[in-house]
Amino acid sequence: MDVNVRLFAGLHQMVGKREITLDVPDGATVRDLRERLGSVYPVTEAFLPTLVCAVGEEYVPSDYVLREGDMVALIPPVSGG
Amino acid sequence: MFEITPEPLDPGPLVDAVRRDESGAVVLFYGVARNENLGRKVLWLEYDAYAEMATKKMREVAEEVRARFPVTGVGILHRTGRLEIGEASLLVAVSSGHRKEAFEACHFAVDRIKQIVPVWKKEVFEGGEEWIEGHVPGVGDRGQGTGDSV
């Protein structure tokens, strides 16, 4: 299934896109999605362990099961203020 | 008033938005772009944000504030894009009946903003640039309050 993924900050800069679509197996979790990102964009691998995911503008755990069409945001450690 | 904006931040409307006739104090926090960090000379800053979620999380911070302190108003503005040294990146205004609660609540709000609001800062310094990695937000990082926010 296809999952839409929004990228910010350093990830946006590394990948060069604000939004990408990743193909993951049905039943894939957020953890699986991070691994998929790393295999498609190896440049992101070093950053994957600290990435948190948000679905529907809410933080979700790594075992969260994704659904077709979910809008996922990959959230690097935040540094506002 | 809760906004993510690329425009320069104006404290006047924010203070007006949080002040009530019951307010005896308004505390206004300015976060401003500083010219050094970690011994490096910082030339300018760039902020990125997940604007929709950031606005939602700022409202949740305000709910947390209202659940903990007897405040009469809370408002938060965060700027995005390029900021020159001295420009304001974050404004937090909190009003309450008396100054003590306003100071404490504003301090709490700023700390929570830095923990859960999806905004990112890039430092451009002499010889390079770096996206600053701050706090890893937790799954439970959502507002706990019940009151309406300004």
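Only the coordinates and a few stated rules stand behind these numbers; no lab work does. All of these numbers come straight from a predicted model, not from anything done at the bench. Note: ideal-geometry Cβ built from the backbone for every residue, glycine included; neighbour counts use all protein chains shown.
Can you tell me how the protein assembly as shown classifies by the Cα gyration tensor, rounded, prolate or oblate, using a/c under 1.5 as the rounded cut?
Details: a/c = 2.57, a/b = 1.47, b/c = 1.74.
Oblate, because a/c is 1.5 or more while a/b does not exceed b/c.
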> Taking θ as phi - 60°, what are the ³J(HN,Hα) couplings along the stretch B:20-34 by the Karplus curve (6.51, -1.76, 1.60), each to the nearest whole Hz, with x for Gly and Pro?
Replying inline: 10, 5, 7, 7, x, 8, 10, 9, 10, 9, 10, x, 10, 6, 9
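Explain nothing, just the number: relative contact order of chain A, from Cα pairs under 8 Å at least 6 residues apart, as a whole percent.
For chain A, the relative contact order is 39 percent.
Size of the dipole of chain A about the Cα centre, Lys and Arg at +1 and Asp and Glu at -1 on the beta carbon, nothing else charged, in debye to 20? Kindly include the intermediate steps, with their values, before the conclusion.
Details: 7 positive and 12 negative charges, 66 e Å.
For chain A, the charge dipole is close to 320 debye.
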>> Using alpha carbons only, how many angstrom separate the centre of the stretch B:62-131 from the centre of the stretch A:1-21?
In response: 26 Å
> For peptide A:67-80, how many partner chain Cβ atoms fall within 10 Å of a residue's Cβ, on average?
Replying inline: 6
> Taking H as built 1.01 Å from N, whose amide H comes closer than 5 Å to the amide H of B:Thr80, not counting residues under 5 places away?
Replying inline: B:Thr5, B:Glu7
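Can you sort B:Glu101, B:Glu63 so the residue with the fewest Cβ neighbours within 10 Å comes first? Walk me through the numbers on the way to the answer.
Working: B:Glu101 21, B:Glu63 18.
Sorted ascending by nearby Cβ count, the order is B:Glu63, B:Glu101.
State to the nearest 20 debye the size of the charge dipole of chain B about its Cα centre, where the only charges are +1 on K and R beta carbons and -1 on D and E beta carbons.
Numbers: 19 positive and 25 negative charges, 71 e Å.
The calculation lands at about 340 debye.
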> Under 5 Å between amide H atoms, partner at least 5 residues away or on a different chain: which partners does B:Val117 have, H built in plane at 1.01 Å?
Replying inline: none
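Taking neighbour Cβ counts within 10 Å as the exposure measure, how do A:Val24, B:Val136, A:Val30 sort from fewest upward? Intermediate values should be presented prior to the final figure.
Details: A:Val24 19, B:Val136 16, A:Val30 24.
Ascending Cβ contact count within 10 Å gives the list B:Val136, A:Val24, A:Val30.
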> Tell me, what HN-Hα J-couplings in whole Hz come from the Karplus equation 6.51 cos²θ - 1.76 cosθ + 1.60 at θ = phi - 60° for each residue of the stretch B:103-116, using x for Gly and Pro?
Replying inline: 4, 5, 5, 5, 4, 4, 4, 4, 4, 5, 4, 5, 8, 10
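For the peptides B:103-114, B:87-98, what is the packing order when you average, over each peptide's residues, the other Cβ atoms within 10 Å and list the highest mean first?
Working: B:103-114: 19.4, B:87-98: 21.9.
My ranking of the peptides, most packed first, is B:87-98, B:103-114.
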> Of B:Lys57/B:Lys121; B:Lys56/B:Lys114; B:Lys41/B:Lys114; B:Lys41/B:Lys121; A:Lys17/B:Lys121, which sit over 21 Å apart, Cα to Cα?
Replying inline: B:Lys41/B:Lys114
> For a paramagnetic label modelled at 7 Å from the Cα of B:Glu129 toward its Cβ, which residues of the stretch B:35-57 fall within the zone defined by backbone nitrogen distances under 20 Å?
Replying inline: B:35-51
> Counting only residues 5 or more places away or on other chains, whose amide H sits under 5 Å from the amide H of B:Gly24 once H atoms are built in the peptide plane?
Replying inline: B:Ser96, B:Gly97, B:His98
> Going toward the positive end of the dipole of chain B, with +1 on Lys and Arg Cβ and -1 on Asp and Glu Cβ, which of B:Leu83, B:Ala33, B:Ile116 do you reach last?
Replying inline: B:Ile116
> By its C-alpha gyration tensor, with a ≥ b ≥ c as the square roots of the eigenvalues, how is the stretch B:42-97 shaped: rounded for a/c under 1.5, else prolate for a/b larger than b/c, else oblate?
Replying inline: oblate
> Which angle from 0 to 90°, rounded to the nearest 10, does the C-alpha axis of helix A:30-40 make with the longest principal axis of chain A?
Replying inline: 70 degrees
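Taking every DSSP beta bridge that has both residues in the protein assembly as shown, what percent is antiparallel when rounded to the nearest 5? Each step should come with its number before you reach the end.
Details: 46 of 53 bridges.
That works out to approximately 85 percent antiparallel.
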> Using a ≥ b ≥ c from the Cα gyration tensor of the stretch A:1-75 (square roots of the eigenvalues), is it rounded, prolate or oblate, where a/c under 1.5 gives rounded and otherwise the larger of a/b and b/c decides, a/b for prolate?
Replying inline: rounded
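About the Cα centre of the stretch B:22-61, how large is the charge dipole given +1 on each Lys and Arg Cβ and -1 on each Asp and Glu Cβ? Please answer in debye to the nearest 20.
On the way: 6 positive and 6 negative charges, 34 e Å.
That gives the stretch B:22-61 a dipole magnitude of about 160 debye.
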